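Asker: Please read through the structure below; I'll follow up with questions.
Readers should treat all values here as calculations from the given coordinates under stated rules, not as data from a laboratory. In this text, all values refer to a predicted model and were calculated from it rather than measured experimentally. Cβ placement follows ideal geometry from the backbone for every residue including glycine, while neighbour counts extend to all protein chains displayed.
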Ligand SMILES: [Zn+2]
Ligand SMILES: [Zn+2]
Ligand SMILES: [Zn+2]
């Protein structure tokens, strides 16, 4: 890719496992935006949400790449390299919630 990120080969383009942040749904809590782990399909809430489950998921699992699940957004982020991908690299069809 030449963009400095060596983790894109781990991206599996998984389908989202849940329709909202997995942990917030369990807690009955609310989120601001949703982020999809591109390694395992975990759905977590963004850093603007009070629980920040997407970032917590990275710290727990070391899954480096996430992608925005917000409608109309097509960008991703590598937590390790702190690189943004926009648009998100193609290679499979988008697996948005729609
Ligand atoms: Zn990376
Ligand atoms: Zn959450
Ligand atoms: Zn994951």
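Asker: Given the rule -39500 (n - 2.57) for each run of at least 4 DSSP H residues, summed and divided by the residues of the chain, what is its mean residue ellipticity at 222 nm, to the nearest 500 deg cm²/dmol?
Answerer: Helix contribution divided over all residues of the chain: -4000 deg cm²/dmol.
Asker: While we're on this one: In square nanometres, what is one fourth of the surface area of the convex hull spanned by the alpha carbons of region 8-85?
Answerer: Projected over every direction and averaged, the Cα hull of region 8-85 covers 4.8 nm².
Asker: Also, quick follow-up: From Cα pairs below 8 angstrom and at least 6 apart in sequence, can you work out the relative contact order of the chain, rounded to a whole percent?
Answerer: The value is 25 percent.
Asker: Here is a further query. How many nm is it between the label spots at residue 30 and residue 60, if each spot is 7 Å from the Cα in line with the beta carbon?
Answerer: So the two model labels end up 2.3 nm from each other.
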